Amino acid sequence: MIPRPVTSRNVGPGTTLADGMVIAADGPGQGAAALLATELEAATGWRVHRAGPGAQSPHGAVRLQVGPEPMADEGYRLRVTESGVDIVAASAAGAFYGTRTLRQLLPPALLRSAPARPVGTVHVEGLEIDDAPRFQWRGLALDVARHFFPKDFILKLIDLAGLHKLNVLHLHLTDDQGWRAQIDRYPRLTQVGAWRRQSPLGHQGDGRFDGVPHGGFYTKDDLSEIVAYAARRFVTVVPEIDMPGHMQAAVASYPELGNITRQLEVFTDWGISEHVLNLEEPAVRFCAEVLEEIMDIFPGPYVHIGGDECPTTEWEASPRSPRLCQMLGLSGAHQLQSWFTAQMSKVVAARGKRLIGWDEVLDAGAPPGSVIMAWRQHHAAQAAVQGARAGHDIVMAPEPWTYFDWAYADDPKEPLAIRPSISVEHAYSFEPVPAGFPEELQHRVIGAQCQLWTEYVTTARHAEYMYFPRVCALAEVAWSPRGRRWEEFEPRLRRHTARLDALGVNYRPLDGPTPGQARTWSEPER
Ligand code: ACM
């Protein structure tokens, strides 16, 4: 099972499930029970009856009970005895995680969406599991800006996140190369900003381009569907609107938001555009209005405003910027971003939400209450300490362990990637609390997250390859207690790939890519 539960031991003879089984739940457990019933009916072709608390059946029973239990919020207790499977939790989320554990206790074929062959009875071994997550933030980020990924892939990813007890899907919705979220007040963001003329071929800087337009966007209904689908699986979708840099797609849509008079196109190269927002009143209002519409769609407690990699070249060069700085009482353009972040924090706080930024937002002081994502290779640990000292919660997302856009191995057989390399073993070795982190600040590290940037990843199949099985490793890093050992994990992960097979995940086998995968994806399918 992945992630490994806190404790698990075999006891007694276990139970048998069969056609006509029941799933019983009280109020708060009913969502998880209904989902499990749907999944099991699909996989087995059985009739799975829903019942009230305490139900029994000669065909087998799964009982979910949510109540005031002395256990962690997302924790659960699972017992498999002759009378059935009992899952007890303090919250609906905990009950859901109990059902995810149960799905992994059943044969991998029961993860399929229809029976490949008739399913008779299914035995579940006698077990006692007590489990709860180490971290409250167990995240997976997807960049849908560099390449657009269809909604059905995102729904599949949410299912996979839930199965691995991850609870955050961070969508990087906007960047220089594309704007992917419908915004009513600014329709050109998706009419213009969602499309680019062409994309680089090969590595950035090779100077070759494919000449093929690329784009796409999610309507508000698409995004609301994603949010609701995720909520059912206890996954919070965190929207990121990257600002004030990484904004060339917006500036191409609305040139008045930028700093130069030349009409820009949506960026067709990788890397960081120097064309950022001007921070005059209309541009700041634009950002606030975009965030308002985003907060209407995403009900979660967090709004990510990026804040990474914002070059100040245009601000330094702009003849308008000294006057703006003077008006705002700033000593120079280098102070503009932190002033801007504070403005956005107010917009977010007015809706009772918390701002998240990449660790650059700490450079000139981040707004109180904001959450910091520590990512920069040689800076993340130090940023985490600095942020924690300043009272921020920290999500650890350091490049060398959690950037799953890096290749698995420094090997020409691997698909083209931004750089080498993060093996599954290396991803598994990640410790979210950096060495030497002050004891009294450790509670500030609220979790860990992996990211898939998609400059070099053009298809869902390739995205699955980059994520899996490294996501399995990250899930265990974020959920399971300290004291992990690769030697123990590796055979368990090998067995787990049978589940990924049943789910149709294009994971990278532990011994290396299949011939089909090994083909470099350097000339992307478009
Ligand atoms: C980042 O990778 N620019 C957060």
Relative to the longest principal axis of the C-alpha atoms of the chain, give the angle of the C-alpha long axis of helix 336-349, reported between 0 and 90° and rounded to the nearest 10°.
40 degrees
Between Ala518 and Glu487, what's the calculated FRET efficiency when r is the beta-carbon distance and R0 is 30 Å? Round to 0.05.
0.65
What spacing in nm lies between the two simple spin-label points modelled at Asp411 and Ala498, each 7 Å away from Cα in the Cβ direction?
2.5 nm
Isotropic mean projected area of the C-alpha convex hull, the chain (nm²)
24.7 nm²
Please compute the length gained on full extension between Ala18 and Leu328, using 0.36 nm multiplied by the number of residues separating them and subtracting their Cα-Cα distance.
104.7 nm
Counting only protein heavy atoms and using a 1.4 Å probe, what share of the accessible area of region 166-206 belongs to carbon plus sulfur, as a whole percent?
43 percent
So, with a 1.4 angstrom probe, what is the percent of accessible area on region 306-396 that is carbon and sulfur?
54 percent
Where the centroid of each part is defined by its Cα atoms, how far is region 1-37 from region 250-289 in Å?
51 Å
Accessible surface of region 209-258, 1.4 Å probe, proportion on carbon and sulfur as whole %:
58 percent
Give the percent of DSSP beta bridges with both residues in the chain that are antiparallel, rounded to the nearest 5.
35 percent
The answer for region 406-495, accessible area per residue at 1.4 Å probe in Å², is 37 Å²
First select every other residue whose beta carbon is under 10 angstrom from the beta carbon of Met247; then total the charges, Lys and Arg +1, Asp and Glu -1.
-3
Counting other C-beta atoms within 10 Å, and keeping those with at most 16, which DSSP coil trypsin sites (Lys or Arg not before Pro) do you find in region 189-221?
Arg197
Within region 423-526, which GluC sites (Glu not before Pro) sit in a loop by DSSP and count at most 10 neighbouring Cβ atoms inside 10 Å?
Glu525
Given the rule -39500 (n - 2.57) for each run of at least 4 DSSP H residues, summed and divided by the residues of the chain, what is its mean residue ellipticity at 222 nm, to the nearest 500 deg cm²/dmol?
-9500 deg cm²/dmol
Any idea how far the Cα center of region 395-454 sits from the one of region 104-160, in Å?
22 Å
Using only the alpha carbons of region 375-453, what is the convex hull's orientation-averaged projected area in square nanometres?
5.3 nm²
Proximal charge balance of Val303 [Cβ under 13 Å; K/R count +1, D/E count -1]:
-1
Trypsin sites (Lys or Arg not before Pro) restricted to DSSP loop in region 22-76 with at most 16 other C-beta within 10 Å:
Arg47
What FRET efficiency comes out for Ser429 versus Gln136 if R0 is 25 angstrom and r is the Cβ-Cβ distance? Round to the nearest 0.05.
0.70
Based on alpha-carbon centroids, what's the gap between region 181-239 and region 358-393 in Å, whole number please?
27 Å
Taking the Cβ of Gly52 as the centre, find all other residues whose Cβ is under 12 Å away and add up their charges (Lys, Arg: +1; Asp, Glu: -1).
+1
Degrees, to the nearest 10: 151-163 long Cα axis against longest axis of the chain:
50 degrees
If one takes the longest principal axis of the Cα atoms in the chain, at what angle in degrees, from 0 to 90 and to the nearest 10, does the Cα axis of helix 30-44 lie?
70 degrees
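The values are calculated or read from the model by the stated rules, or taken from the named source; none is laboratory data. In this text the structure is predicted, and so the values were computed from the model without any measurement. Note that we place each Cβ from the backbone using ideal geometry, even for glycine, and neighbour counts take in every protein chain shown. Keep in mind that these areas ignore ligands, DNA and RNA; they rest on the heavy atoms of the full protein, side chains included. Shrake-Rupley method; radii C 1.70, N 1.55, O 1.52, S 1.80 Å.
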